[in-house]
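What follows draws every value from the coordinates through simple rules; no lab data is involved. All of these numbers come straight from a predicted model, not from anything done at the bench. Methodologically, a virtual Cβ is constructed for each residue, glycine included, from the backbone with ideal geometry; neighbour enumeration extends over all protein chains shown.
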Amino acid sequence: MILVLAFLWVIFVPLLLWQLLRWLPAGADKYNPLPYIIALLPLATYVVGALFLCNFGGFLLYTCYAEKVAHSLNLAQSYAKSYGYLCIAYAVLFLISLKSYTPYWFAKLRRLHESRSSRKRCKEQHQEIRVMTLNCRYGKASASEIIEIAKKYHVNTLLLQELSDSLVKNLEKLGIYEIFPTSCVGAQSEHNNGGFNAIFTQYSAISTCNNSVKIEAASVPSVTTCLDFGATEKVVVKFASAHPKSPMRGCAAWSNGIRALATADSVTYCADKRAEESTSKTCDLATLTIVTGDLNSTVDHPSFRSLLKYGFTDVALSLGKRLRTWPTWLKWPNLTLDHVLFCAKNCKSNALWQKNVVVDGTDHLAYIAAIDLQSLDKNVQARRHNR
């Protein structure tokens, strides 16, 4: 029995250190094997929970049946006290381990509260943006299913990663350019990780860029468009398809690539120089940046959370529901490696819904999300134009 107690105390230390990894500074998770260990943090809740039940069982055993399981009452009391301390330690550790889930729970509660309070408000002008992101796994994803899913869920912007020339040709044969007239393919790069990225959208572009974020991975293409809200109100919307390197291709490049995506929100209204010159301040533009893709990271990774601190909102976190995106063949355990992020400036936006769909040929699920873009409140508009 002493060996069991010693084992439970010894294993508590690495479990505690495992939990503390989530609070490393952004970028400190770039050392192998930290990305993998942190990615598995959601599993720690079940491990710690099981060990807590074992400790609690030992505590009850030596408390209720002291004379039957121990040679003396004093020894039984000593064991019961040790198990009691372990129960407290593992209970605290269990609460810490819930950090992988609490952001979703709190977001769900906040969303319920906001939905109740918003019923009293009048509806403003809004437009719904539906995006679909998918890692095509070396271009092996089914082109026909990609088209069918995009049509079924009325997707207006398709953002793909790990594309191949053959998959693009198959998509072209199926009429992708008729559904999505505007497209932008990432620039060829020696750092392509599994293929190149691309964007296909129904919106007209005011500018495109085949490598909008400089990272040591597949180029990040972007498409910038402008949505009208009446005669005077316009919102510049930028889409970017990203796929930072996985840790197995280099942990430092993985972390640097994720954190570099924070620069993706630098939107420039460059289609009409006169329009840009007539704007007193570029920062006064109403902009919405949407970055999607296989980011090879979860909400527990400090590198990924740096994006959220910068100002991006994760759709799944906003809705309060984690969706599995990898792998397709496991319902549990699974990871959320694909994300839809958005960052609104001088306008209002919020996540409406999300869905994951299996696509043949790839180990990632397609991730579909709807984002509501709203016009500014009149008082906000007045303050902005009076500057």
Can you list the trypsin sites (Lys or Arg not before Pro) in the range 314-348 that are in a DSSP coil and have 12 or fewer other beta carbons within 10 angstrom?
Lys331
J(HN,Hα) series, the range 308-314, from Karplus relation 6.51 cos²θ - 1.76 cosθ + 1.60, nearest Hz, glycine and proline x
5, 5, 5, x, 7, 10, 8
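I want the local charge near Val291. Using Cβ-Cβ distances under 15 Å, sum +1 for each Lys or Arg and -1 for each Asp or Glu among the other residues.
On the way: positive: Lys214, Lys238, Arg259, Arg305, Lys309, Lys345; negative: Asp265, Asp294, Asp314, Asp338.
It works out to a net charge of +2.
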What's the center-to-center distance, using Cα atoms, between the range 84-113 and the range 303-323 in Å?
18
Give the separation of the Cα centroids, the range 128-160 to the range 188-214, in Å.
15
What do you get for the angle between helix 251-260 and the principal long axis of the chain? Use alpha-carbon atoms, 0 to 90 degrees, nearest ten.
50
Tabulate in residue order the Karplus-calculated ³J(HN,Hα) for the range 366-372, using 6.51 cos²θ - 1.76 cosθ + 1.60 with θ = phi - 60°, rounded to whole Hz; enter x for Gly and Pro.
5, 10, 10, 9, 10, 10, 8
Between helix 73-97 and the chain: long-axis angle, C-alpha atoms, 0 to 90°, nearest 10
0
Pull up all non-local amide H partners of Leu352: gap of 5 or more, or a different chain, and H-to-H distance under 5 Å with H placed in the peptide plane.
Ala370, Ile371, Asp372
Sequence order, the range 171-182: Karplus ³J(HN,Hα) from phi using 6.51 cos²θ - 1.76 cosθ + 1.60, θ = phi - 60°, Hz rounded, Gly and Pro as x, gives 5, 5, 5, 7, x, 5, 6, 7, 7, 10, x, 9
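Using Cβ contacts closer than 10 Å as the measure, can you line up Ser164, Ser303 from fewest to most? Don't skip to the answer; put the middle values down first.
On the way: Ser164 17, Ser303 29.
Fewest to most other Cβ atoms nearby, the residues stand as Ser164, Ser303.
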Name the most mobile residue of Asp363, Asp284, Asp265, meaning the one with the largest mean-square fluctuation, in a Gaussian network model of the chain with Cα contacts below 10 Å.
Asp284
Take His364, His126, His301 and order them by how many other Cβ atoms sit within 10 Å, fewest up front.
His126, His364, His301
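Please report Leu159, Leu53, Leu24 as a ranked list, fewest other C-beta atoms within 10 angstrom at the top and most at the bottom. Let's see the in-between values first.
Values: Leu159 28, Leu53 13, Leu24 16.
Ascending Cβ contact count within 10 Å gives the list Leu53, Leu24, Leu159.
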Where is the GNM fluctuation largest for the chain (alpha-carbon springs, 10 angstrom cutoff): Phe229, Phe304, Phe94?
Phe229
Candidates Tyr85, Tyr138, Tyr153; GNM for the chain (alpha-carbon contacts under 10 Å) flags as most fluctuating Tyr85
The pairs in Lys152/Lys173; Lys108/Lys331; Lys99/Lys309; Lys108/Lys245 lying past 25 Å Cα-Cα in this model are Lys108/Lys245
Looks like the range 87-198, by Cα gyration tensor root eigenvalues a ≥ b ≥ c and the a/c under 1.5 rounded cutoff (else prolate when a/b is bigger than b/c, oblate otherwise), is oblate
Per-residue [θ]222 nm for the chain (sum of -39500 (n - 2.57) over DSSP H runs n ≥ 4, rounded to 500)
-12500 deg cm²/dmol
Which order, highest average first, do 178-188, 310-320 follow once you tally other Cβ atoms within 10 Å for each residue and take the mean per peptide?
310-320, 178-188
If one takes the longest principal axis of the Cα atoms in the chain, at what angle in degrees, from 0 to 90 and to the nearest 10, does the Cα axis of helix 143-152 lie?
80
